[in-house]
Amino acid sequence: MGQTLAQKIIQAHLVEGDMTPGKEIAIRIDQTLTQDSTGTMAYLQFEAIGIPRVRTELSVAYIDHNTLQTGFENADDHHYIQTVAKKYGIRFSKPGNGVCHQVHIERFAVPGKTLLGSDSHTPTCGGIGMLAIGAGGLDVAVAMGGGAYWLTMPRMVQINLTGKLRPWISAKDIILEVLRRLSVKGGVGRIMEYTGEGIASLTVPERATITNMGAELGATTSIFPSDAETRRFLAAQGREEVWQACAADSDAVYDETLTIDLSELEPLVAKPHSPDLVVPLREVGPLKVDQVAIGSCTNSSYMDMMKTAAILRGRTVHPEVSLVIAPGSRQVLNMLAGNGALSDMIAAGARILESACGPCIGMGQSPRSNAVSLRTNNRNFYGRSGTASAQVYLVSPEVAAASALSGVLTDPRVLGEAPPVQMPDHFFINDNLIIDPAPPEEKVEVVRGPNIKPFPVNRPLGAELSGKALIKVEDNITTDHIMPSNAKLLPYRSNVPYLADYCLTPCDPEFPARAKQEGGGMIIAGANYGQGSSREHAALAPLQLGIRAVLAKSFARIHMANLINNGILPLTFMQAEDYDTIDLMDELLIEQADEQVRNLVSQGTLTVLNKTRNKPITCSLPLSPRQAEMLLAGGLLNVTRKGE
């Protein structure tokens, strides 16, 4: 029986475990990436481990999130990251060089290799045939130290693409169609592997759009084969020597298959406030638009920008629309400046932003009150734009540009013949904003600004774990709810005590004060708790507030791993209706907690007593011996320190 592409890469990197879906495995990591929003904490954790030099083939630290410098905090964190990178053998991508995922696929991604990144959209590099996985910062810190990355062996899902996209239909419409069919929970515990004759017509940037937004499915990762198109892209980047053909065996067996005929797709839109609320654009109608934002790690490639410029050329943005455009990398921006496309954008009335995440993460360009904002982002969670009352719709660059001109949500096909945009034979290459580390023998001082505070470390699990139900939240609570990440709070990513005062405040403004008053406790949640980004702060802030357990109907993959990594019990109700039996401030007790956690390895269940109602609640938490050891020790860092 043949193997899928993902199975081949996993097997080639397998360190420990059985490649049976649902079983825990460990794989060797070739490359890591961090960004500045998660990177400061990841490097503090790496330093705490005490390893003198990174042990990966390549590690890169990017500055792309916290680029609004309204105070010293972001600049101090950037300087800290740069000095850490210099000392420990990490390449440093300076502010302005671009969004981590766009730059990495341009300059560093290698087919057949593994990449672990402290950003949930790390799977972008799956567009080049790489097994690229998003994880929490502590997992990345351990990988930088040469440790294996542990995960549950995923099921394999084949996305079989047939036919060819019609003019004006784009890769964004493909991934929106996948989300429409599968939902934000449809990829949990799965790897999405794209196959079929339809992929031959998709460029690497188009494939990267699809793998990038596969994170919204909750998937472990997404991957395309490495083929002639991949080779062409790498050759244009001056990196053809790293190319290798990578594909699934012809007789590979998948656990599930989804077929999409590309020729049948039409312009799609994700309505507020979830990436899977996808409908045909024609069903939304001519909705009045106030803002259009084109960019983000999903749609900021050279190809996306050239399509946008071609649509805007010789036209003018509607007088009641604010159009902002953020090219994804300095390479893209340089090329637009050189060929005149940037001038076309500016002449049309677009506002050009720096090559960074920007509006996608709420870092600037928040819409006005009650605005309709069309964005080429990957997420439109409630309040993520920085304006709680805004209605954010996710669309392709083609739809975004056409709508910016008309002032209403517009099908780009009304513009007539689609402008021809070709992949360049040669990209403009200038890596002078990527700084190499110092040689191992050079003495380097790591500089920490006053905003960098010690991160919380859990204590070992005792015989009894008790606390009140401090908050009760509904389904699909995102990491943006748990640890808001707007322009006002992002500068404090290295200051967990400060951030903790905002933990879960979008759900309940009184939660942090209540948690402090009670000395900690537990969180009660619905299904898919913790969906969204990889931000470890969504576990660290609750830990700072004394949270020892979360009881939920189900968890998102990365957040569940982050909770375990920090010694917080992520417990799933065996009976979903038990969620309804717990009220705010009910007193909960886990008796013989340490013994029950040890027994989880063999039994998979644990009992929580609701003392207020005198009701036992059975929860599941299938654990490996390694995970049980982490929870007993109070987290991965405690175990790693002990091991070293």
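The values are calculated or read from the model by the stated rules, or taken from the named source; none is laboratory data. Small disclaimer: the values here were computed from a predicted structure and weren't measured. Here Cβ is always computed from backbone atoms with ideal geometry, including for glycine, and neighbour counts include all displayed protein chains.
Assorted remarks:
- Verdict on Pro616 being in a strand (DSSP E or B), touching a strand residue (DSSP E or B) at 6+ places or on another chain (Cβ under 6 Å), surrounded by fewer than 18 Cβ atoms within 10 Å (Cβ to Cβ) and free of Cβ contacts under 8 Å to residues at least 60 places away in the same chain: yes
- Options Ala109, Ala85; residue that is part of a loop (DSSP other than H, G, I, E, B), touching a residue at least 12 places away in the same chain (Cβ under 8 Å) and at negative phi: Ala109
- Candidates Ser250, Ser226: the one that is surrounded by fewer than 19 Cβ atoms within 10 Å (Cβ to Cβ), in contact (Cβ under 8 Å) with a residue 60 or more places away in the chain and either of a type in the set (A, V, I, L, M) or not assigned by TED's automatic domain parsing to the domain that holds Met306 (or both) is Ser250.
- Any hit, segment 385-398, residues being within 20 Å of Asp304 (Cβ to Cβ), among the aromatic types (Phe, Trp, Tyr) and either touching a residue at least 40 places away in the same chain (Cβ under 8 Å) or touching a His at 6+ places or on another chain (Cβ under 6 Å) (or both): yes
- Residue within segment 227-249 that is hydroxyl-bearing (Ser, Thr, Tyr) and touching a strand residue (DSSP E or B) at 6+ places or on another chain (Cβ under 6 Å) present: no
- Candidate set from segment 349-371 (those that are aliphatic (A, V, I, L, M) and free of Cβ contacts under 8 Å to residues at least 60 places away in the same chain); member that is surrounded by the most Cβ atoms within 10 Å (Cβ to Cβ): Ala350
- Residues satisfying the stated conditions in segment 369-391, i.e. out of contact with any strand residue (DSSP E or B) (no Cβ under 6 Å at 6 or more places or on another chain) and among the aliphatic types (A, V, I, L, M): Ala388
- Condition check for Arg598: assigned to a loop (DSSP other than H, G, I, E, B), at pLDDT below 95 and either in contact with a Gly (Cβ under 7 Å, 6 or more places away or on another chain) or not assigned by TED's automatic domain parsing to the domain that holds Arg155 (or both): no
- Where Ile346 falls short, out of the listed (1) in contact with a strand residue (DSSP E or B) (Cβ under 9 Å, 6 or more places away or on another chain); (2) surrounded by 16 or more Cβ atoms within 10 Å (Cβ to Cβ); (3) not basic (Lys, Arg): (2)
Residue-by-condition table, conditions (1) closer than 20 Å to Ile523 by Cβ; (2) out of contact with any strand residue (DSSP E or B) (no Cβ under 8 Å at 6 or more places or on another chain):
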{"position": "Met574", "(1), (2)": "yes, no"}
{"position": "Asp586", "(1), (2)": "yes, no"}
{"position": "Gln596", "(1), (2)": "yes, no"}
{"position": "Gly634", "(1), (2)": "yes, yes"}
{"position": "Asn638", "(1), (2)": "no, yes"}
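Listed here are the residues, each with its yes/no results for (1) farther than 30 Å from Ala576 by Cα; (2) part of a loop (DSSP other than H, G, I, E, B).
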position: Glu441; (1), (2): yes, yes
position: Val447; (1), (2): yes, yes
position: Asn458; (1), (2): no, yes
position: Ala469; (1), (2): no, no
position: Asn486; (1), (2): yes, yes
position: Pro497; (1), (2): yes, no
position: Leu504; (1), (2): no, yes
position: Arg514; (1), (2): no, no
position: Gln517; (1), (2): no, no
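- For segment 24-78, the set of residues classified as of a type in the set (Gly, Ala, Ser) and part of a loop (DSSP other than H, G, I, E, B) consists of Gly50, Gly71, listed by residue number.
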